[in-house]
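Here's the structure we're looking at; comments come further down.
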């Protein structure tokens with residue numbers, strides 16, 4: 001099923017704005033904020049406002065084409081939903097981010113299920129700490 005078919009089946013339309021937002025997310029090399037996406041879209045179409053970008057991101061997420069993650073700074077970051085599932089390790093010191101495949105987080109997820117009867121969403125997880133590079137820097 002094409003994007004146009006999926007959007008039409010959901011009762012929505014494939015608007016130019018929706019296509020531009022999806023294209024911007026698909027071209028991004030990493031997770032991007034809605035502001036980043038709006039800046040990219042507005043470079044070509046200056047009349048498209050940030051609220052239009054937000055609405056279209058939400059619509060595309062409902063359709064399963066994009067997904068989001070909240071990292072340590074609480075800013076929502078978007079990426080393609082068809083990218084591999086992953087969590088994030090975020091360095092509190094340098095701000096670096098490392099993607100982590102779900103199997104690396106599975107022991108923690110299993111423990112959360114056992115102790116709290118909580119089903120974690122590993123594809124939306126962010127663990128904040130200090131990366132190896134920052135940890136290994138000698139104190140002055």
Quiz item: What angle, in degrees between 0 and 90 and rounded to the nearest 10, separates the Cα long axis of helix 50-62 from the longest principal axis of the Cα atoms of the chain?
Solution: 80 degrees
Self-check item: Neighbour-count ranking [beta-carbon atoms within 10 angstrom, fewest first] of 94, 131
Solution: 94, 131
Quiz item: Helix 16-27 versus the longest principal axis of the chain: what is the Cα-based angle in degrees, 0 to 90, to the nearest 10?
Solution: 30 degrees
Quiz item: Could you give the semi-axes, largest first, of the ellipsoid that matches region 87-135, computed as the square roots of 5 times the alpha carbon gyration tensor eigenvalues and rounded to whole Å?
Solution: 23, 10, 9
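Over the chain, what portion of Cα pair distances is larger than 28 Å, expressed as a whole percent?
Counting pairs separated by more than 28 Å, the tail of P(r) holds 31 percent.
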Quiz item: Relative contact order for region 87-135: what is it in percent, counting Cα pairs under 8 Å that are at least 6 residues apart?
Solution: 51 percent
Exercise. Give the angle, between 0 and 90 degrees and rounded to the nearest 10, that separates the Cα long axis of helix 34-44 from the longest principal axis of the Cα atoms of the chain.
Key: 40 degrees
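Values in this text are rule-based calculations from the coordinates and carry no lab data. In this text, all values refer to a predicted model and were calculated from it rather than measured experimentally. Neighbour counts are summed over all protein chains in view; Cβ atoms, including those assigned to glycine, are modelled from backbone coordinates with ideal geometry.
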